[in-house]
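Have a look at the structure below, then the notes.
No lab work stands behind these numbers, since they all come straight from the coordinates. Bear in mind the structure is a predicted one, so any value in this text is a computation, not a measurement. Reconstructed Cβ throughout: ideal geometry from the backbone, glycine too, with neighbour counts over all protein chains shown.
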Amino acid sequence: MAIDSPLVAAAASATNLSPLLTTVGLGGLVGFLIGFVIKKLFKILAIIAGVFFAALMYLEQQGILNINWDKINMAYHGVLSTVTNTITNSTVSGGVGGSHAAVSSFLPAITNLGIPLTGSMAAGFAIGFLRS
C-alpha cells in the first residue's frame, strides 16, 4: 500500500490543477488566435488603403480626377489634433474620456475571469500578434 500512496497523491494533485491548466491553455489559445486574426486584418486593411491611395494618385496623374490635396491635408491635421487633444486630456484626467467609472467597472469584470485566464490570454495575444 505504501507504493500506491505517491501515485494517488500525484493523481490527486493533477486533478486539482486540471481546471487551472485548462483555463491557462484555453486562454492562451484564444489570445493567440485573436492576435493572429487582428494582425492579418491590419495587413489586409493596409494593403487595401495603399491600393486605394495609389489608384487615386494614378487617376489624378492621368487627369481623370482632380484631388484637392490642401483640403485633405487640412482635414488630416484637424483629425490628428482632435485625437491628440483627446489622448492628452484623458491621460491628464486619469482615464479614458476622463471617467474613472468605466475603468473601475471594467477591472472587476476582468479579475472575475481570473488572473490565469487574462494573463495567458494577454501572453497569447502578444505572441499571436508579434508572430509572423
(Q) Around Gly35, under 14 Å between beta carbons, what's the net of Lys plus Arg minus Asp minus Glu among the other residues? (A) +4
(Q) Net charge around Gly128, counting only other residues with Cβ within less than 13 Å of its Cβ (Lys, Arg = +1; Asp, Glu = -1)? (A) +3
